[in-house]
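Here, each number is a calculation from the coordinates, and none is a lab measurement. All of these numbers come straight from a predicted model, not from anything done at the bench. Cβ sites come from the backbone with ideal geometry, for glycine too, and all protein chains shown count toward neighbours.
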Amino acid sequence: MAEASHRHITLLIADDHRLLTESLAMVVEAEPDIDLVSDPVDDPEAAIDLVRAHRPDVVLMDVGFKGSAMNGFDATRKIKEASPGTNVIIMTASDDESALVVGVEAGAAGFLNKTEAVDEVLAAIRGAAEGEVLIDPALLSRALQLVARDREVRRQADELLGQLTERELEVLRLLAQGVRNDGIAEQLSISQQTVQTHVRNILAKLRVHSKLEAVSFAVRHGAVQV
């Protein structure tokens, strides 16, 4: 058993993996300086309500919840709005660096991998209760660089897509549906030559070399749905 800290810590566990939460609850109950404010919950909305009611020092928060439209990052934002003094630790089985940044932007105090040893989990709970930031600075730096690159790519894509006219977007959407030039001409009541002109303009504006590449670019950046 880890040595107890000098302060008394209140904790909420929000995760839909019952085996994990039951094991964590048993471990926590054996710690004299940590008390659960309720049984573990498997719903983020319930976690938010419990935070509003009890204002725990720390929340262990899962990322994904089966059957819920809200994820752990959304719940973390709402928890920090409802109880700024509550520190949220995101529990995850993923090493996705972009998720790290999303968590930080949501207000999380740190991250724990679900494979961590019990002593590490308890140390993280106590550290979060004391206001420590439980994120490796080097990992966060790499994640921020990754997100910055992604945002620049999105910015450039939005700039290119923003050059397309409404008619060109219509043609692009039809191309994404697999409609041939003659079918596009018929549906839009224009000539095939006009369709070919629109396609050439689309390729030039998006800086791509084929209709397939144009459709792939547009789908990847959310301009059209397939």
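Listing for the model above:
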item: Sequence-distant lysines (8 or more away, or on other chains) whose Cα lies within less than 24 Å of LYS78; result: LYS66, LYS114
item: The chain, relative contact order in percent, only Cα pairs under 8 angstrom and at least six apart counted; result: 13
item: P(r) weight above 19 Å for segment 91-207, C-alpha pairs, percent; result: 63
item: Phi-based couplings in Hz for segment 216-226 (Karplus 6.51, -1.76, 1.60; Gly and Pro marked x); result: 4, 4, 5, 5, 4, 9, x, 6, 9, 10, 10
item: Net length gained if the chain between ARG7 and LEU203 were fully extended (0.36 nm per residue, minus Cα distance); result: 64.2 nm
item: Kirkwood Rh, angstrom, segment 9-142 [1 / mean 1/r, Cα pairs]; result: 14.5
item: Local net charge near LYS78, Cβ-Cβ under 11 Å (Lys/Arg +1, Asp/Glu -1); result: -1
item: P(r) tail fraction, segment 162-220 - alpha-carbon pairs more than 16 Å apart, %; result: 31
item: Signed unit charges on C-beta, dipole axis of segment 100-219, positive-most listed residue GLN193, LEU203, ALA123; result: GLN193
item: Average silhouette area of the chain, convex hull of alpha-carbon atoms, in square nanometres; result: 15.5
